[in-house]
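Participant: For reference, the structure I am asking about is given below.
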Amino acid sequence: TLAGIGRKSANVIMLEAFHKPVGIAVDTHAKRISNLIGLSKNKEPEKIEQDLLKIVPNNELEYINHLFMWHGRNTCIARNPKCENCSINKYCNFYMNKTK
C-alpha cells in the first residue's frame, strides 16, 4: 500500500527484500512469453499474473520471474525469437502455429 508502488514492484520487493514470494512480477518478458506460449490470453499484467498464479506452484514463485527474464532476454527475444533453439518450443502455441 505504499504510494507509487504498483503490484509488479511490490512483488519484486517482497521477493528480493523479504524473501517472501507472494506473486509474479509481470514485466514485458513475462507478458510476451505468457501470451506466446499460451499461458494467458490477457493483455493486462494483473490479469496475466492471476492466470500464472493458477498454474505456477507456490514453491516455484521465487524462480519464475528470473526464468521469464532470462528466457525473454536470451531466447524468446521480442523482435527475433530463437524458436528453433528454444527448449520449450514443443509447448509454445506461437511456435506450433508458426511451423504449421
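Participant: Filter segment 27-51 for residues that are more than 25 Å from THR99 (Cα to Cα) and touching a residue at least 12 places away in the same chain (Cβ under 8 Å) and give the result.
Facilitator: ASP27, PRO45, GLU46, ILE48, GLU49, ASP51
Participant: Exactly one of these conditions fails for ILE55: (1) of a type in the set (A, V, I, L, M, F, W, C); (2) closer than 21 Å to ASN97 by Cβ; (3) touching a Pro at 6+ places or on another chain (Cβ under 6 Å). Give me its number.
Facilitator: (3)
Participant: Restricting the search to segment 47-66, which residues are open to solvent by 50 Å² or more (accessible area, probe 1.4 Å) and farther than 19 Å from LYS20 by Cβ?
Facilitator: Those that are open to solvent by 50 Å² or more (accessible area, probe 1.4 Å) and farther than 19 Å from LYS20 by Cβ: LYS47, LYS54, ILE55.
Participant: Give the residues of segment 36-69 that are under 9 Å from the mean Cα position of the chain (by Cα) and polar (S, T, N, Q), sorted by residue number.
Facilitator: Correct list: ASN65 only.
Participant: Another question, if that's okay. What pairs come out if I take residues in segment 76-100 that are within 14 Å of ILE33 (Cα to Cα) and of a type in the set (Lys, Arg) and pair them with residues that are at pLDDT 95 or above and open to solvent by less than 80 Å² (accessible area, probe 1.4 Å) whose C-beta lies under 6 Å away, six or more apart or interchain?
Facilitator: LYS82/THR75
Participant: Further, regarding this structure: Would you say ARG73 is loosely packed, with under 13 Cβ neighbours inside 10 Å, of a type in the set (Lys, Arg) and at pLDDT 95 or above?
Facilitator: So ARG73 fits the description; yes.
Participant: Oh, and also: Among the residues of segment 5-26, are any hydroxyl-bearing (Ser, Thr, Tyr) and open to solvent by less than 40 Å² (accessible area, probe 1.4 Å)?
Facilitator: The answer is no; no qualifying residue exists.
Participant: Go through (1) under 10 Å from the mean Cα position of the chain (by Cα); (2) without any contact (Cβ under 8 Å) to a residue 12 or more places away in the chain and name the single condition ILE24 misses.
Facilitator: Here ILE24 clears every test but (2).
The values are calculated or read from the model by the stated rules, or taken from the named source; none is laboratory data. In this text, all values refer to a predicted model and were calculated from it rather than measured experimentally. Here Cβ is always computed from backbone atoms with ideal geometry, including for glycine, and neighbour counts include all displayed protein chains. Each accessible area value is taken on the protein alone, full model and side chains, heavy atoms only, with ligands, DNA and RNA left out. Shrake-Rupley method; radii C 1.70, N 1.55, O 1.52, S 1.80 Å.
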